[in-house]
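These notes are about the structure you will find just below.
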Amino acid sequence: MKKIVLPLLLLTASLVSAQKMSSNKKAIVDAVEKHKAELVRISDSIWGLAETAFEEDQSSKLLADYAEKNGFTVERGVAGMPTAFVATYGSGSPVIGVLGEFDALPGISQKAQPTKEPLNEGAAGHGCGHNLFGAGSLGAAIAAKELIEAGKLSGTVKFFGTPSEEKFFGKIWMVREGLWDDVDVNLSWHPGANTEADVQSSLALVDFKVEFFGQAAHASADPWNGRSASDALELYTTGINYYREHIKPTVRIHYHIQDGGQVVNVVPDYSKLWVRVRDTKRSGMMPVYEQVRKMAEGAAIMANVDYKISLISGIYEVLVNRAGGEAMQKNLELLGPIKYTEEEEAFGKKIQEVTGKPQLGMDSEIKPLLETKEHPGGGSTDVGDVSWNVPNINLSVTTAPKDTPWHSWAVVACGGMSIGHKGMVYAAKAMGMTMVDLLENPKLVEAVKKEYKERKGDEVYEAIVPDGPPPIDTK
Ligand SMILES: [Zn+2]
C-alpha cells in the first residue's frame, strides 16, 4: 500500500504546482526551454574563452549578438567600456532591467571534470560562474520579450551586459553614466551552492594602490646612500597587521604586494601594494579606509621615502529588497528544486571528496525565505552600486555542489557541464517568471519601490571612483 501512496502523493503535488503556474509563467518556462540549446552553447563558449577584466570582447559579443538576433536594440560600448552594452526591447513602463556578467578569473583554468586539471595551463577560468550568469539572465530577458511581443504583457525589458565584475567593478561606471535612471526594478542572480531568493547584503569595499619611492644603492657597498621603498612596504604592512586587533570583526583588510624590489643586492627605490578594505556597511568601511591611508604616511616617514596613494574603485554593500525577494521565492516554489542525475550527484561528490568536504552532493532544496542579516559574511559585488540606484531583486541558484570552494577550479569544472547548465536554465526561468509578476502587477512594482526608498533613506549615492574614464588602459 505504501508503495502506491507515495507516487500518488508526488503526482498530486506536481499537479498542484503545475496548476498554480499562470499561463504567462508557463509561457516563460516554454520560451526558456526553446532557447535552452542556444543558451547552453553561448554559456559554454564564454566558459571556453574565459576572458578577464575589460578583455571580454568575444564573450560580450556572443551575448549582445544573441540579444540582437532576438529583436533587442543593442547599444554597445556604453559608459566608456568597449565590452559593456545595453539591450532593450519593448516600450513604456514598467521598465525591468536584468544584469548579465561574463568575466573570468585569472589562473584557474580547469577542464569540466571533478579532479583538478587545467584546460589551458596558466589561463583564466570561470571560477565564479559568470558564463552561466550572462547566458541565464539573457534567457530571462528573451523569454519576457517574447511575451511582450505576443501582446501578453506590456512594458520594457533591458539586459545590461556588465563587464569586469571581478577586478574593477564595471557597473560603477555604468551607474555613474545613469544607465539605470529609467529602470523601475532590476533583477540579478548569481551562481552558487544553493538555491534561494537572496535577501542578504554584501560587503562594501574600497580598493587603492600605495606606492613608495626611495633611493637605490648597493645593498652592501653603500647602503647608507639608500632609502628603501621595501622597508616602507614592510613597515606599512606591519602597521596594518597590528591595526587588525582594533577593528570590528566585520571589517576585512587585504593587501597584495605587487612590487617589492627586484634583486637582493639593491636597496629598492620602488615598491607597490594593492590594498582593499571591506565592511558590511560603507559607513563602517570609510573610517578604516582613512586610517589605512594615513598609515602609508607613517611608514614613509619611518623609511625616509616618499609615497603616493591612488584610489582605484570602491563598491557599495547590496541594498536588499524583501518585497521583491518574496515574489522571487514564490516562483522558486512553483518551479520546485532542480533534479540531478546519478552521474551529476557523483560528479558533485567527487569534487567534495577532492576538496576535503563532506560528500553530501548537490543542494537545490527550496527553503523558506531567510531573515535578512544585519552583518552578512561573504564577499562583495558591484551589484551593490546598482542596488543603491534602482530597487534590485537578487537570486542565487545552485550551479555547484554544497561547500564548493568558490573562485576555484571546482566552480570552473561545474560551470562547463550539465550541473552548471541546469542552474543557468533554472535561473532564466525564475527571473523570467518574476519579470511576469512585475510586468503584470503594478502593486508589486510599487511595493518594491517603496521598500527601496525606505531602506535608502536620505543616503545620497556617490560612486567611489576617481574622476575620468574607467581604468581600461591601466589594467
Ligand atoms: Zn561572481
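Quick notes on this structure:
- Annotation: per residue accessible area for region 261-416 equals 43 Å², rounded to a whole number [probe 1.4 Å, protein chains only].
- Amide H contacts of Ala53 (H built 1.01 Å from N, under 5 Å, at least 5 apart or other chain): Ala104
- When peptides 424-431, 218-225 are sorted by average Cβ neighbour count within 10 Å, with the highest value leading, the order is 424-431, 218-225.
- Relative to the dominant Cα principal axis of the chain, helix 23-49 is inclined by about 40°.
- Acute angle (nearest 10 degrees) that the helix 322-335 long axis makes with the longest principal axis of the chain, alpha-carbon atoms: 50
- Heavy atoms of the protein chains alone define the surface here; on that basis region 122-223 has 24 Å² accessible area per residue at 1.4 Å probe size.
- Along region 253-264 the Karplus relation, 6.51 cos²θ - 1.76 cosθ + 1.60 evaluated at θ = phi - 60°, assigns HN-Hα couplings of 10, 10, 9, 10, 6, 9, 8, x, x, 10, 9, 7 Hz to successive residues, with x for each Gly and Pro.
- For Ala217, distant residues with modelled amide H under 5 Å away: Val267
- For Leu49, the solvent-accessible surface computed with a 1.4 Å probe is close to 60 Å², ligands and nucleic acids excluded.
- Label-point gap, in nm, between Glu459 and Gln291 - each point 7 angstrom along Cα→Cβ: 2.1
- Between Glu333 and Glu371, the FRET efficiency estimated from the beta carbon spacing at R0 = 22 angstrom works out to 0.75.
- Over the chain, volume per residue of the alpha carbon convex hull, in Å³: 159
- With all protein chains in place and a 1.4 Å probe, the accessible surface of the chain carries 53 percent carbon and sulfur.
- Rounded to the nearest 10 degrees, the inclination of helix 282-303 to the longest alpha-carbon principal axis of the chain is 20 degrees.
- With each label modelled as a point 7 angstrom along the Cα→C-beta vector, the Lys443-Glu121 pair spans 6.4 nm.
- Per residue of the chain, the DSSP helices (runs of n ≥ 4 H) give a summed -39500 (n - 2.57) that works out to -14000 deg cm²/dmol at 222 nm.
- Couplings 3J(HN,Hα) for region 359-372, derived from phi with the Karplus relation 6.51 cos²θ - 1.76 cosθ + 1.60 (θ = phi - 60°), are 7, 9, x, 8, 10, 10, 4, 8, 9, x, 4, 7, 5, 7 Hz, where x marks Gly and Pro.
- Protection proxy ranking of 189-201, 28-40 - average other beta-carbon atoms within 10 Å, highest first: 189-201, 28-40
The values are calculated or read from the model by the stated rules, or taken from the named source; none is laboratory data. Keep in mind that this is a model prediction, so the values were computed, not measured. In this analysis, Cβ positions are derived from the backbone assuming ideal geometry, glycine residues included, and neighbour counts consider all displayed protein chains. Only protein heavy atoms, including side chains, enter the accessible area calculation; ligands, DNA and RNA are left aside. Shrake-Rupley method; radii C 1.70, N 1.55, O 1.52, S 1.80 Å.
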